[in-house]
1. So if I place +1 on the C-beta of Lys and Arg and -1 on the C-beta of Asp and Glu, and nothing else carries charge, what would the dipole magnitude of the chain be about its Cα centre? I want it in debye, nearest 20.
2. Please list, by residue number, every one of the GluC sites (Glu not before Pro) in the range 201-270 that is coil in DSSP and has at most 14 other beta-carbon atoms within 10 Å.
3. Taking the Cα centre of the range 426-516 as the origin, how large is its charge dipole in debye, to the nearest 20, when only Lys and Arg (+1) and Asp and Glu (-1) carry charge on their Cβ atoms?
4. Could you tell me, in Å, what Rg and Dmax come out for the Cα atoms of the range 426-516?
5. With the contact rule set at Cα under 8 Å and sequence spacing of 6 or more, what percent relative contact order holds for the range 432-510?
6. Quick one: go through the range 387-421 and flag any residue whose amide nitrogen is under 15 Å from the point 7 Å out along the Cα-to-Cβ line of residue 105.
7. Would you work out if the range 221-291 is rounded, prolate or oblate? Take a ≥ b ≥ c from the square roots of the eigenvalues of the alpha-carbon gyration tensor; rounded if a/c is under 1.5, else prolate when a/b is larger than b/c, oblate otherwise.
8. May I ask you to list the trypsin sites (Lys or Arg not before Pro) in the range 36-137 that are in a DSSP loop and have at most 10 other Cβ atoms within 10 Å of their Cβ?
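No lab work stands behind these numbers, since they all come straight from the coordinates. Small disclaimer: the values here were computed from a predicted structure and weren't measured. Note that each Cβ is placed from the backbone with ideal geometry, even for glycine, and that neighbours are counted across all protein chains shown.
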Amino acid sequence: MRTTNEPGGPGNSALNADRRQRELLALGDDGAVDVLVVGGGVTGAGVALDAAARGLRTVLVERHDLAFGTSRWSSKLVHGGLRYLASGGVGIAHESARERHVLMTTTAPHLVRALPQVVPLLPRIGAPQRALVRAGFLAGDVLRRSAGTSTAILPRSRRVPTAEALRLVPTLRRGGLRGGLLSWDGQLVDDARLVVTIARTAAAHGASVLTRVEALEISGDSAVLHDTRSGETLTVRARAVINATGVWADRLDPAIELRPSRGTHLVFDAAAFGGLTAALTVPIPGSTSRFVFALPAPHGRVYLGLTDEDAPGPVPDEPRPTDAEIDFLLDTVNTVLREPLHRSDIRGSFAGLRPLLRTASDSTADISREHAVLHSPGGPITVVGGKLTTYRQMAQDAVDAAVAEAGLPAGPCRTMRIPLVGAITGTARDRIPAPPLLVERYGSEARAVLAPAQRDPALAEPVAPGIDVLRAEFAYAVAREGALDTADLLDRRTRIGLVPADRDAALPAAEAALRQD
């Protein structure tokens with residue numbers, strides 16, 4: 001099943017319906033692999049890349065699409081772990097800073113940019129809280145240095161004057177404003193795009209990445225799989241099975257006890273924030289580590305988040321924000337804005353569930369974000385907890401456990417040094433003959449995205465008026481990124497679908513791209 005050009009080397013990264021069908025047929029003919037990964041979020045994709053890069057015959061199955069679950073509902077931040085210091089989590093804070101450094105310098109520099117964050121110094125933020133925030137930012141500088149990240153990548157934190165605070169966040173209240181506290185963190189172009197890129201890199205190293213394949217039953221060495229497109233069922237034998245299904249992990253391993261936490265974001269037009277060029281960071285009263293963020297986002301949008309609410313009960317495929325969360329986000333951000341935002345300004349919303357391990361804590365905000373690798377007798381190896389930034393370390397720990405438990409013939413982890421598909425740094429990105437917007441989304445692959453437009457100029461046109469996504473991007477997603485239906489195109493390969501009106505406008509172009517394929 002390995003498709004690399006040379007043993008252990010990168011090969012064909014394209015994911016599409018034809019490759020999926022070929023590899024499903026091959027799996028049915030010889031249903032034995034080294035590692036079976038269940039779950040196509042950021043952790044599962046990371047596990048597949050890690051295992052395949054070690055030379056293991058690897059198959060990843062996902063019952064929906066890549067990044068269908070929690071991985072696409074994040075704040076799109078690559079956190080340096082600052083908030084964990086407030087609760088004494090020095091280990092996870094350093095791990096986060098290190099993994100941020102790896103993403104920004106080696107594995108995904110094309111998908112992560114430095115983002116300034118401003119805490120406005122308004123009268124409502126008293127001297128003790130200002131001192132606490134400033135101390136936290138200084139601690140963040142220490143974390144940055146400990147991870148080896150230079151100030152050329154992430155500048156030092158500092159206090160900024162009022163004029164600079166207003167330049168970065170034009171809609172701040174002016175009365176009583178005394179500048180702001182500025183720090184820097186990483187921001188993803190998009191979280192779902194990161195997952196797809198990791199999965200494609202895994203495929204380039206020989207992994208089979210099979211979406212619309214559901215694991216009906218799993219054990220420590222086998223699984224019954226169901227192809228939801230054809231209706232066929234097959235049994236696969238595996239030397240190790242890794243459960244990376246996030247908030248659904250306890251469905252496949254009842255020994256796991258999870259306590260999901262819901263995080264909600266609202267979507268606004270960028271104009272509602274007057275041309276925001278930094279993350280507006282508003283401390284939540286009574287908390288030393290939680291903030292509400294207004295984040296500049298692609299497609300002329302701003303994301304406002306984040307909540308942290310207990311989410312008991314059945315886990316939905318697509319969580320929805322509650323009215324209370326919407327009110328909380330609006331009320332909090334309006335304390336620092338000159339003109340308050342209203343529900344009528346909201347263009348869209350999204351919510352995700354964090355797969356937190358159950359503890360005795362009263363509040364999900366107090367539960368550790370450290371990950372855990374668990375192994376029930378006779379069951380799969382399960383990896384849960386953690387956060388998007390640390391996916392690579394989570395994957396490494398899970399594969400290390402599988403190698404040890406099953407005695408797999410594999411060397412050490414290599415993923416800290418493997419650039420993801422499209423990775424490019426420095427001035428090289430300026431030399432790619434493609435629009436800057438495409439380079440930002442696809443890195444060195446931007447040329448491949450646009451190449452078909454030389455034969456069909458219609459592909460260089462937007463998918464709908466006023467939307468900065470080209471028809472060529474839809475075609476590329478179908479041919480290279482494993483998109484199988486319109487939801488894959490609108491809701492995950494691009495994030496057009498976060499605004500329902502934009503989704504409706506772009507739907508005909510998505511349908512056309514699938515017909516042409």
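1. On the way: 59 positive and 57 negative charges, 430 e Å.
The dipole of the chain has a size of about 2060 debye.
2. On the way: sites: 214, 217, 232, 257; in loops: 232, 257.
Here the sparse-neighbourhood loop sites are 232, 257.
3. Working: 12 positive and 14 negative charges, 60 e Å.
Here the size comes out at about 300 debye.
4. Cα-based Rg and Dmax for the range 426-516 come out at 12.7, 38 Å.
5. Working: 75 pairs, mean separation 15.7, N = 79.
Taking the mean separation of contacting Cα pairs over the length of the range 432-510, I get 20 percent.
6. Those under the cut-off are 416-419.
7. Values: a/c = 4.02, a/b = 2.11, b/c = 1.91.
Verdict is prolate for the range 221-291.
8. On the way: sites: 54, 57, 63, 72, 76, 83, 98, 100, 113, 124, 130, 134; in loops: 54, 57, 63, 76, 124.
When the trypsin sites (Lys or Arg not before Pro) of the range 36-137 are filtered for loop state and at most 10 Cβ neighbours within 10 Å, nothing remains.
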